[in-house]
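For reference, the structure is listed below as structure tokens.
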Amino acid sequence: MNKREFIKNLGLGSAAVIGAPILLQSCSGDSETSSDFKLWVWTGGGNKTESDWDNEISGLKDLGFFGVLVGGGKEVLEKAIPAAKKHGLEIHAWQWTMNHPGDKKAQEHPEWYAVSREGNSSFDVRPYVDYYQWLCPTKPEVQEYIFNHMMDICDTEGLDGVQLDYVRYCDVILPQGLWSKYDLVQDHEMPEFDFCYCEDCRSKFKAEEGYDPLDLEDPSQDENWKQFRYDSITNLVNKIADGVHQRGKKLSASVFATPSLARMMVRQDWDKWNLDFVFPMIYYKFYAEDIGFMKRATEEGIRDLNGSKPLYTAFYLADKNIEEVSKAVELVKETSANGMAFYDYGLLSEDFRKVIQQKTTP
Ligand SMILES: [Zn+2]
């Protein structure tokens, strides 16, 4: 039925005629939504030349991609930006925020690192994996260090924005699909993975709430102590957001799958952050979930954001077949997500490119 027939079928009472423009608007709105489904991809810098970037980004443009999240420092960005501008893609700097393995500048300050409930510093004892070395988000010196780094990156000429990764505490609870890998059953918060109990965090909390979290029988049950740590990350994110916005650029973050899981596992209160948009990493196999989680988790994030900002569902391409990629895109498109982000460019095979293009071309 075309629009004219549709109006005719309404019976053309005066109310229907008045209502018609609204109905028409909502029809055209629908078609806009499908062409507005934006695609992003994470891509590493490595040793790519300007001409490598030109090939990569022009290929992404042909597939209908909207933006690239580029890992690496200013030198990498400066090589990639001209290609992004030439082909009309947004380019954002993908930056690790709280996890700083092998960071020479930070390592001059072992006191900057987060301390576990057992009393071990993440500087000396790395939880789970060798590349986990977490800074404490509460210390003013750490906040200043991270803020200054993000502003320096943000000032790169031609950059559209900064995308924060690892913007959280160490996983106090790992996603369930990873428990067997580390031979753990994390049905409670284990002290060696629970951060941060440094002097600064404990004394600031005590000044605010009147008690030391280490004096609690079970700190994992204390709502104030949970909230203190959510807020510590939120405050840092919002400071970075202010700086990025003052520079006329955008701030986003990759976060755990849903706000409730993110709070519980890594103390990310991400639906409260002043971001311009967000990339929940709905890596369903890590969560021991079926592919339907792509839709369920996306909808939960959209509901909790309550229209405050766009959401792009992030999808992990490793260990996936074509049917899974196809189904994932289909499921996310059934929600009101603003698009998807894929991790990462190196895993974007010819077959995956075809299926993504086919599923997202209006
Ligand atoms: Zn601390």
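Quick notes
- Think of the stretch 30-137 as a dipole: +1 on every Lys or Arg Cβ, -1 on every Asp or Glu Cβ, centred on the Cα centre; then among Val129, Gly119, Leu69, Gly119 lies furthest on the positive end.
- Stretching Glu50 away from Asn238 to a fully extended chain increases their span by 64.3 nm, per 0.36 nm per residue minus the current alpha-carbon distance.
- Once C-alpha pairs closer than 8 Å and six or more residues apart are averaged by separation and normalised to the residue number of the chain, the relative contact order reads 17 percent.
- In the chain, the C-alpha radius of gyration followed by the widest Cα-Cα span (Dmax) gives 22.6, 77 angstrom.
- Comparing mean-square fluctuations of Lys309, Lys285, Lys105 from a GNM of the chain with C-alpha springs under 10 Å, the top value falls on Lys105.
- Amide hydrogen neighbours beyond the local backbone of Val255, cut-off 5 Å, H modeled: Phe279, Met281
- Integer Hz, Karplus 6.51/-1.76/1.60 couplings in order for the stretch 129-135, x for Gly and Pro: 9, 5, 8, 9, 9, 9, 8
- Residue with peak Gaussian network fluctuation, the chain [Cα springs, cutoff 10 Å], from Trp40, Trp225, Trp134: Trp225
- Order of Trp112, Trp96 - criterion: other Cβ atoms within 10 Å of each residue's Cβ, fewest first: Trp96, Trp112
- Within the stretch 37-360: Cβ-based charge dipole about Cα centre, in debye rounded to nearest 20 (Lys, Arg +1; Asp, Glu -1): 1180 debye
- Among the listed pairs Lys320/Lys354; Lys38/Lys359; Lys250/Lys272; Lys249/Lys295; Lys74/Lys105, those whose Cα-Cα separation exceeds 21 Å are Lys249/Lys295.
- Value at 222 nm in deg cm²/dmol, rounded to 500, when DSSP H runs of n ≥ 4 in the chain each add -39,500 (n - 2.57): -13500 deg cm²/dmol
- Short-range pairs are left out: with C-alpha atoms under 8 Å and at least six residues apart, the relative contact order of the stretch 197-266 is 15 percent.
Since every read-out is calculated from the coordinates, none of them should be taken as a lab result. On a predicted model such as this, the values are computed, not experimentally measured, just so you know. FYI the Cβ positions are ideal-geometry reconstructions off the backbone, even for glycines, and counts take in every protein chain you see.
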